1. Given an 8 Å cut-off on Cα distances and at least 6 residues of separation, report the relative contact order of chain A as a percent.
2. Read phi for every residue in segment A:130-144 and hand back ³J(HN,Hα) as whole Hz from Karplus 6.51 cos²θ - 1.76 cosθ + 1.60, θ = phi - 60°, with x for Gly and Pro.
3. Which order, highest average first, do A:70-82, A:228-240, A:368-380, A:384-396 follow once you tally other Cβ atoms within 10 Å for each residue and take the mean per peptide?
4. Check which residues have an amide H placed less than 5 Å from A:Asn120's amide H, if you skip close sequence neighbours.
5. Which pairs break 21 Å Cα to Cα here: A:Lys36/A:Lys90; A:Lys134/A:Lys171; A:Lys10/A:Lys115; A:Lys36/A:Lys73?
6. Can you give the FRET efficiency to the nearest 0.05 for A:Lys5 and A:Lys420, using r as the Cβ-Cβ distance and R₀ = 51 Å?
7. Could you rank the peptides A:402-408, A:276-282, A:7-13, A:100-106 by their average count of other C-beta atoms within 10 Å per residue, with the highest value first?
8. Helix A:69-101 versus the longest principal axis of chain A: what is the Cα-based angle in degrees, 0 to 90, to the nearest 10?
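None of the figures in this text is laboratory data; all of them are computed from the coordinates on show. Quick caveat, the model's predicted, so the values are computed rather than measured. In this analysis, Cβ positions are derived from the backbone assuming ideal geometry, glycine residues included, and neighbour counts consider all displayed protein chains.
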Amino acid sequence: MLAIKTLRDKLEQVKSALATRQSDISFTQWIAADQKQRRLKQTIETLKFKRNRASEEIPKRKRAKEPLDALLKEMKTVSEEISRYEAELKRIEAENADFLLNLPNVPHVSVPVGKDETENQEIRRWGEKPVFSKAPLSHWVIGETLGILDFERGAKMSGSRFVLYRGLGAKLERALINFMLDLHTTAHGYTEILPPFIVNRSSMTGTGQLPKFEDDLFRLKDSDCFLIPTGEVPLTSIHADEILAESDLPLNYTAHTPCFRREAGSYGQDTRGLIRQHQFNKVELVKFTSPTDSYDHLEQLLAHAETVLQKLGLHYRVVSLCTGDLGFHAAKTYDIEVWVPSQEKYREISSCSNVEDFQARRAKIRYRTADGKIEHPHTLNGSGLAVGRTVVALLENYQQPDGSVVIPEALRSYMGGLEKIS
RNA sequence: GGAGAGGUGGCUGAGCGGUCGAAAGCGGCGGUCUUGAAAACCGUUGAACUGAAAGGUUCCCAGGGUUCGAAUCCCUGCCUCUCCGCCA
């Protein structure tokens with residue numbers, strides 16, 4: 001959510017910044033409604049002032065046994081007026097709040113301007129593409145042949161885009177989760193959290209998933225609660241409605257959570273394999289930082305996610321998303337894309353964003369500065385990493401001519417010393 | 001699932017329908033005292049909106065209602081706790 005003050009004072013700047021996102025938002029209606037809202041509020045406050053003064057007067061007169069019928073009558077009218085105006089104000093406020101909640105974040109100045117993903121900017125590459133003697137197999141062929149991934153039975157019990165891991169496949173997923181969590185908690189200084197995987201509407205709204213993206217979420221039938229689409233939601237909600245101390249910052253949290261996504265509107269995309277599932281595991285990184293150094297922290301967060309791939313020896317590139325490809329709540333985003341040999345493509349395996357104060361404002365996350373001022377911290381989040389997609393990369397990049405898959409050195413202690421899956 | 005209790009400021013916890021943004025204690029901050037610290041004592045200490053400021057309005061879980069006036073009364077919802085039942 002953007003600050004109303006910013007909208008009122010710097011509307012033209014906001015407009016042109018948002019235009020780079022390819023959003024066509026009209027502000028004319030909002031401007032009128034905002035003015036109406038302020039006028040109404042003034043009227044109501046004047047009336048309430050009158051009522052409050054009368055409330056002081058009435059008991060005095062009562063004690064003095066002075067007549068007050070006329071005053072009571074007058075105040076009854078005033079109260080009726082107030083409730084009439086308030087009903088109107090409530091309606092307008094709800095409209096305006098809805099407008100604000102649906103406005104995307106303003107891109108940071110360093111974000112490349114562009115219309116869609118074709119104009120994202122490559123920042124760097126790490127490692128080399130592996131060389132194969134014959135055409136590399138897709139991870140689902142490898143996984144099914146090795147008996148570690150079972151898409152058929154996943155679909156049988158749950159539907160398409162669900163998978164069953166078996167034996168060493170399940171163990172590999174678990175090994176990756178532990179490997180990532182250990183790395184982030186020991187080497188990178190994050191506090192491990194095990195949050196709820198079901199959250200209420202307020203947590204979803206605070207983090208920016210709602211009201212705009214309800215169709216992408218799984219909602220529980222009788223409770224207005226949702227399955228989390230990412231660990232970012234519970235981790236960022238940890239400090240909702242709180243006022244932190246400046247000395248608390250930065251706060252660094254990590255968590256492994258399953259993520260649940262409806263994937264509405266992605267029919268026909270990545271229908272086979274692990275790339276796009278309704279349920280997948282992810283290790284998430286979330287930071288709360290001071291606004292002054294949040295962009296340094298974004299680089300750090302990105303480096304922390306990259307470290308996972310480096311330790312696993314997986315070739316990847318880092319891309320800075322252009323304005324047109326930026327997610328709703330992000331001011332700046334780096335995607336890490338891992339090499340997927342069977343597709344001869346880089347595929348997103350992590351997305352690291354600085355949300356600035358967009359979520360903090362929605363979720364009422366604040367901190368008190370040394371001189372007592374109340375400010376919104378910046379929130380950052382990134383995948384460190386998407387676990388299912390890491391399995392994709394491992395199976396494909398480490399596949400051997402004999403059909404086996406070598407386990408990278410860094411992971412072996414988590415696999416009971418196993419060197420390859422065959 | 002059944003029965004009951006309750007949701008008040010950073011925390012604990014008072015609060016008669018009007019003088020309550022709200023007692024008191026703790027904690028925090030500043031000070032006195034002290035070589036220093038502790039203790040003691042004194043002072044101070046919520047948030048949002050609005051306004052140049054003075055000030056004004058709002059907030060005692062949320063939403064409705066009663067009333068000239070609600071933290072206080074009524075209704076609904078949410079949440080927490082206790083006991084019983086069930087259960088990993």
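1. 20
2. Couplings: x, 9, 10, 6, 10, 4, x, 7, 6, 5, 6, 5, 4, x, 6 Hz.
3. Most protected by this proxy first, the peptides run A:384-396, A:228-240, A:368-380, A:70-82.
4. When sequence neighbours closer than 5 places are left aside, the close amide H contacts are A:Cys322.
5. Long pairs (Cα-Cα over 21 Å): A:Lys134/A:Lys171; A:Lys10/A:Lys115; A:Lys36/A:Lys73.
6. So the FRET efficiency works out to roughly 0.30.
7. With the highest mean Cβ count within 10 Å placed first, the list reads A:276-282, A:100-106, A:402-408, A:7-13.
8. Orientation of helix A:69-101: about 20 degrees from the principal axis.
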